[in-house]
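Read through the structure below, which is laid out as structure tokens, and then see the notes.
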Amino acid sequence: MILTVLAVPVLVLGFLIAALFIWALSDEGDPRAGALKKVTCAEALAFGGASPPAHAHVGNCTMQQGIDTAYAAVLRMPREDVRDWLRETYPNAPQARSDASCGAVCLDVSHEDGLPATAEAHVVQVRVEYENAETARVRFSAFTM
């Protein structure tokens, strides 16, 4: 009789501990589980300390959150405005470069080399490809590390 009385609480406690471990190891329902989430491009750009360029057509903008947070934005804008927008947005950053490894124009900025203090991101990467003589496709990426 005493064994029965003692066995029930031990079994219940064991079940609760096992359930707690299963719940803790599960990602289900966790908003940080890594799924892409659509966001406004203004939000994606602001995370990297930028604002939408004038005359830009916004495309797909997303946020992914796990251990780190990453925002991505794809914009189309007049080709002639790209370098001015980058200089105005990141005045203390290194000059944007052009080389075969990254496309028509590339810029990598961190807090150590010119990212504004308002940026929540640790790093911003901008990759620009010229679609034609008038239009540039801008891929903007801002993330924490």
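Before moving on, here are some points about what is shown:
- Set side by side, the residues A104, A73, A100, A96 differ, and just one is of a type outside the set (V, I, T) and within 12 Å of L45 (Cα to Cα), which is A73.
- Listed conditions (1) in contact (Cβ under 8 Å) with a residue 12 or more places away in the chain; (2) out of contact with any helix residue (DSSP H, G or I) (no Cβ under 8 Å at 6 or more places or on another chain) are all met by E112, apart from (1).
- Just one of (1) of a type outside the set (D, E); (2) in contact with a Lys or Arg (Cβ under 8 Å, 6 or more places away or on another chain); (3) at pLDDT below 95 fails for H55. It is (2).
- Screening P91, P116 for residues that are out of contact with any strand residue (DSSP E or B) (no Cβ under 8 Å at 6 or more places or on another chain), in a loop (DSSP other than H, G, I, E, B) and buried (at least 16 other Cβ atoms within 10 Å of the Cβ) leaves exactly one candidate, P116.
- Number of residues in the range 128-145 that are of a type in the set (S, T, Y) and open to solvent by 80 Å² or more (accessible area, probe 1.4 Å) equals 1.
- All conditions in (1) part of a strand (DSSP E or B); (2) in contact (Cβ under 8 Å) with a residue 40 or more places away in the chain hold for V82, with the sole exception of (1).
- Note on the range 106-145: residues that are farther than 21 Å from A70 by Cβ and of a type outside the set (S, T, N, Q) amount to 5.
- Conditions (1) touching a helix residue (DSSP H, G or I) at 6+ places or on another chain (Cβ under 8 Å); (2) in a strand (DSSP E or B); (3) of a type in the set (D, E, K, R); number of the one not met by R76: (1)
- Options L45, L86, L107, L36: the member that is touching a Pro at 6+ places or on another chain (Cβ under 7 Å), within 20 Å of A142 (Cβ to Cβ), surrounded by 10 or more Cβ atoms within 10 Å (Cβ to Cβ) and at pLDDT 85 or above: L45
- Of all residues in the range 60-74, those that are at pLDDT below 95 and either farther than 17 Å from V123 by Cα or small (G, A, S) (or both) total 2.
The values are calculated or read from the model by the stated rules, or taken from the named source; none is laboratory data. From a predicted model like this one, the values you see are computed outputs, not experimental measurements. Here the Cβ is made from the backbone with ideal geometry for all residues, glycine too, and neighbour counts use every protein chain on show. To get the accessible areas, we keep the full protein, side chains included, count just its heavy atoms, and leave off ligands, DNA and RNA. Shrake-Rupley method; radii C 1.70, N 1.55, O 1.52, S 1.80 Å.
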